[in-house]
Amino acid sequence: MTHPMIEQLIDAQLAFLDQEFAQSETIKIEFTEFYQWFRKQNLKDIWTFQQINDLLQKQILATPASSFLIEQIAEHIRIALIHPSNDQTLIEDIIPVTTIDKAAQYVASKSSHRQALIKRIVNNASFSQMLTQLIHHSIQDYIDNSVMNKKVPGVGRFMKMGKSVLESVTDTNLDDTVKHYLQKNIIKISQLSEQVLNQQFDDHKLYHFQANLWHKIKKVPLNTLRNYIEIEDLPQTVGLGHEIWEYIRQTEYLQQQVHDGVFAWYVRNEERPFDLLLRDLNIDEALIQNELQALLEPIIQKMISSEHLKARARIHLEKFYYADETLAILNIEKGA
């Protein structure tokens, strides 16, 4: 049952709130006041580590990306690749040369890492097999197609005869002999390869190699990327990337990585107020007042004009005014 005086009070309050929040200045003041309160709260006083971790685990790892999102990712990559500005924009326009130089110096200075990588490569069985085949084919090609064979009459016949004599004396095939020699001495050949590679990629030469590469590509327009990325295949390539993410997000490995990463961040920041945490994201009072507030103000005004806020407020005001305690203060009997 409703009471006439209570209904008048509710309507009066709703009209007052409607009038107050219809003014943009009121919204600005309240928004700023909320921010001033929120910025002083410490992280640990608002959220626990478990709450943050549970949210990330559920929303990022436990929830699959929608097919629409995957389509949008592919579409935005396509738009970026075919954008008209790519035709006039050069690589040097978007990558500063100072950064390239710093990167070149950094890579060139990692001598021990580079030497360890070269050692691992040249001592790999696949590298040894490739090197053996390469040398063998080179020798065979020289015997069959050397310049001397072609320009000096009789030399080709002489070399083939020498090959036949050698095979008859040793009772082995020359190809097999060469292969056996290479396989037997592949360790020495690999060690020599390692020395040559380290000489060719010492700090000085590697730095200049990178510098020369930069000078070759810096004037290349960005539309050159289209030569290496099939735009028509983007749905498939993005889909493959999505498949990898779909698998790894469900692994215990990534779940543990997220858990430990969030925990380390929380421990470092639990005593810090949100003011400093927001500044880490470049969110400060000026941004709140000038940008975010301007974005949210139309939303609040739309809620007021659509009667949504008034309808929600009425529900809570009715609960308040028709509560036993309020009725007692107003000296109204329940059900009257």
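The values are calculated or read from the model by the stated rules, or taken from the named source; none is laboratory data. It should be emphasised that the depicted structure is a prediction, and the values quoted were computed from it without experimental measurement. Cβ coordinates were reconstructed from backbone atoms using ideal geometry, including for glycine residues, and neighbour counts include every protein chain displayed.
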Sort out which residues of the stretch 8-40 are surrounded by 14 or more Cβ atoms within 10 Å (Cβ to Cβ) and either touching a His at 6+ places or on another chain (Cβ under 7 Å) or more than 30 Å from PHE274 (Cα to Cα) (or both), and write them in order of number. LEU9, ILE10, GLN13, LEU14, ASP18
Looking at ARG114, ARG78, can you tell me which residue is outside the structural domain of PHE127 (by TED's automatic domain parsing) and of a type in the set (Lys, Arg)? ARG78
Filter the stretch 9-57 down to residues that are of a type in the set (Val, Ile, Thr) and touching a residue at least 12 places away in the same chain (Cβ under 8 Å) and give me whichever is farthest from GLY261 (Cα to Cα). ILE10
Does the stretch 259-297 hold any residues that are in a helix (DSSP H, G or I), exposed (fewer than 11 other Cβ atoms within 10 Å of the Cβ) and either polar (S, T, N, Q) or touching a His at 6+ places or on another chain (Cβ under 6 Å) (or both), and which are they? ASN290
Of all residues making up the stretch 117-132, the number that are among the aliphatic types (A, V, I, L, M) and exposed (fewer than 11 other Cβ atoms within 10 Å of the Cβ): 1
For THR63, all conditions in the list (1) under 27 Å from ILE229 (Cβ atoms); (2) out of contact with any helix residue (DSSP H, G or I) (no Cβ under 9 Å at 6 or more places or on another chain) hold save one; what is the number of the exception? (1)
Only one of GLU252, GLU194 is surrounded by 11 or more Cβ atoms within 10 Å (Cβ to Cβ) and either more than 30 Å from THR98 (Cβ to Cβ) or in contact with a Lys or Arg (Cβ under 6 Å, 6 or more places away or on another chain) (or both). Can you tell me which? GLU194
Does LYS44 fit the bill of being over 23 Å from the mean Cα position of the chain (by Cα), modelled with pLDDT of 90 or more, charged (D, E, K, R) and under 21 Å from LEU278 (Cα atoms)? yes
From the list LEU276, LEU254, LEU295, LEU287, which residue is touching a residue at least 60 places away in the same chain (Cβ under 8 Å) and hydrophobic (A, V, I, L, M, F, W, C)? LEU254
Within the stretch 83-92, restricting to residues that are touching a residue at least 60 places away in the same chain (Cβ under 8 Å) and surrounded by 12 or more Cβ atoms within 10 Å (Cβ to Cβ), the one that is nearest to ASN227 (Cα to Cα) is ASN86
Could you tell me whether the stretch 298-309 includes any residue that is surrounded by 14 or more Cβ atoms within 10 Å (Cβ to Cβ) and out of contact with any helix residue (DSSP H, G or I) (no Cβ under 7 Å at 6 or more places or on another chain)? yes
